[in-house]
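The next block holds one structure in the form of structure tokens; read it before the comments.
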Amino acid sequence: MKVFAIANQKGGVGKTSIAVNLTATLAHYGQRALLIDLDPQGNATTGSGIDKNGLEKSLYGVLLGEYDVVSARVRAQGNYDVLPANRELAGAEIEMIQIERREYRLKEALASVDADYDYALIDCPPALNMLTVNALTAADAVIIPMQCEYYALEGLSDLVGTLRKVKANLNPKIEIEALVRTMYDPRSSLTTQVSDEIKSHFGDKVFDTVIPRNIRIAEAPSFGKPVIMHDPTSRGALAHFAFARELLGRQGVALPEVSV
Ligand code: ADP
Ligand code: MG
């Protein structure tokens, strides 16, 4: 199982959207995928069609060692599993302070399902807190969604700093897998300018595929569906198919040419 943390401490940059849609698209391409909702807002849970308020078990109890991943995971319509979350998870941050090896809770919990999945994707909260540290400790690599706007790079330096600390102290193998430009508007000259700047900093870590600003992507969560189920021929869905193909291609996974 390869674990990706979808991280950026800014809110509203498209983390949850990328996490839900990438997981669903990887499942579409035959990969066994797990989506881990590490944000107390529970948007990845809801966006996968799971009622976050009716959960009997959730990631909260898993992190506190009350039960295991197998008993808390839920199957989503899109043929992937979800480790769901809701507001309870905010309490885990505080309760974990008293727990030993607290940075390793998620990593240790995921060990039991290592053989069940090809990919696990962690939807991080918009903060560099203990939950995010758990994600970065559990992950093989990070996928950073970003909007090409003026302050985008400034925010990235904090994340890169945190990554460096995690790499030095908790998880030597962590690396940046991808920077994904999302809510992309090619008509804006600022977009092009920031885009060029990101590329000069991060080189080929910047994926060629961009996710456009697209109404179908924005409305899909209100139907509890990934965009590839909500409207599979929309520009947003096509971009997500291309994004997953680029990711899998870079992993060396061969896909048939034509299947969308
Ligand atoms: P984050 O998880 O980083 O806070 P979200 O994924 O929740 O960000 O996205 C913030 C808002 O923007 C949500 O309302 C989401 O539906 C919307 N959104 C995300 N990606 C796109 C896109 N490519 N096009 C249009 N709207 C988007
Ligand atoms: Mg989110």
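The values are calculated or read from the model by the stated rules, or taken from the named source; none is laboratory data. Quick caveat: nothing in here was measured; it's all calculated off a predicted structure. Using ideal geometry, Cβ is built from the backbone for each residue, glycine included, and neighbour counts are taken over all protein chains shown. Remember, those area values only see protein heavy atoms, side chains included, never the ligands or the DNA or RNA. Shrake-Rupley method; radii C 1.70, N 1.55, O 1.52, S 1.80 Å.
Distances between placed amide hydrogens fall under 5 Å for LEU35 paired with ASP81, VAL82, LEU83, LEU121, all partners being 5 or more residues away or on another chain.
What order, most packed first, do the peptides 17-29, 206-218 have when packing is the mean number of other Cβ atoms within 10 Å of each residue? It would help to have the intermediate numbers written out before the result.
Working: 17-29: 26.5, 206-218: 17.4.
Going from most to least packed, we get 17-29, 206-218.
Residues whose amide H falls under 5 Å from that of ILE176, counting only those 5 or more places apart or on a different chain, are VAL142, with hydrogens built in the peptide plane. Positive contributions from Lys and Arg (+1) and negative ones from Asp and Glu (-1), summed over other residues with Cβ under 12 Å from the Cβ of ALA120, come out at -3.
When only alpha carbons are used to place a centre, segment 57-125 and segment 196-248 end up 25 Å from one another. A simple count of charges around LEU34, restricted to other residues whose Cβ falls under 12 Å of its Cβ and scoring Lys, Arg +1 and Asp, Glu -1, yields -2. Once the 1.4 Å probe is applied to the protein heavy atoms, segment 143-215 comes out at 54 Å² accessible per residue.
Here the 3J(HN,Hα) profile of segment 16-26, calculated from phi with Karplus coefficients 6.51, -1.76 and 1.60 at θ = phi - 60°, is 5, 4, 5, 4, 5, 6, 5, 4, 4, 6, 4 Hz, Gly and Pro shown as x. Ligands, DNA and RNA left out, the accessible area of the chain computed with a 1.4 Å probe is 50% carbon and sulfur.
Extension gain, ASP185 to GLN77, is 35.8 nm, computed as 0.36 nm per intervening residue step minus the present C-alpha separation. Binning the C-alpha pair distances of the chain at 5 Å intervals from 0 yields a P(r) profile of 1, 6, 14, 19, 20, 18, 12, 7, 2, 0, 0 %, listed from the shortest bin outward. Could you tell me which of rounded, prolate or oblate describes segment 190-260, using a ≥ b ≥ c as the square roots of the eigenvalues of the alpha-carbon gyration tensor, with rounded for a/c under 1.5 and, failing that, prolate when a/b is larger than b/c and oblate otherwise? The shape class here is oblate. Listed values for segment 229-238 are Karplus-derived 3J(HN,Hα) couplings in whole Hz (6.51 cos²θ - 1.76 cosθ + 1.60, θ = phi - 60°), namely 9, 5, 8, x, 9, 5, 4, x, 5, 4, and x replaces Gly and Pro. Of the chymotrypsin sites (Phe, Trp or Tyr not before Pro) found in segment 47-98, those in coil by DSSP whose Cβ has at most 16 other Cβ atoms within 10 Å are TYR67.
Once both labels are positioned 7 Å from their Cα atoms along Cα-to-Cβ, the gap between ARG101 and ASN53 label points is 3.8 nm.
Site pair MET1 and ILE94 shows an inter-label distance of 3.0 nm when each label is modelled 7 Å from Cα along Cα→Cβ. Listed by chain and number, the lysines placed with their C-alpha closer than 22 angstrom to that of LYS52 are LYS15, LYS225; residues fewer than eight positions away on the same chain are left out. Put simply, the amide H of TYR184, placed in the peptide plane, has neighbours under 5 Å in ILE211, ARG213, leaving out anything fewer than 5 places away on its chain. When exposed loop sites are taken as GluC sites (Glu not before Pro) in a DSSP loop with at most 16 other Cβ atoms within 10 Å, the longest stretch of the chain clear of them is 150-256.
May I ask you to list the trypsin sites (Lys or Arg not before Pro) in segment 119-178 that are in a DSSP loop and have at most 16 other Cβ atoms within 10 Å of their Cβ?
Here the trypsin sites (Lys or Arg not before Pro) that fit, given the DSSP loop and packing criteria, are LYS173.
Assuming charge only on the beta carbon of Lys and Arg (+1) and of Asp and Glu (-1), the dipole of the chain about its Cα centre is about 260 debye to the nearest 20. Taking Cβ atoms as reference points and 12 Å as the exclusive limit, the residues near SER48 contribute a net charge of 0, counting Lys and Arg as +1 and Asp and Glu as -1.
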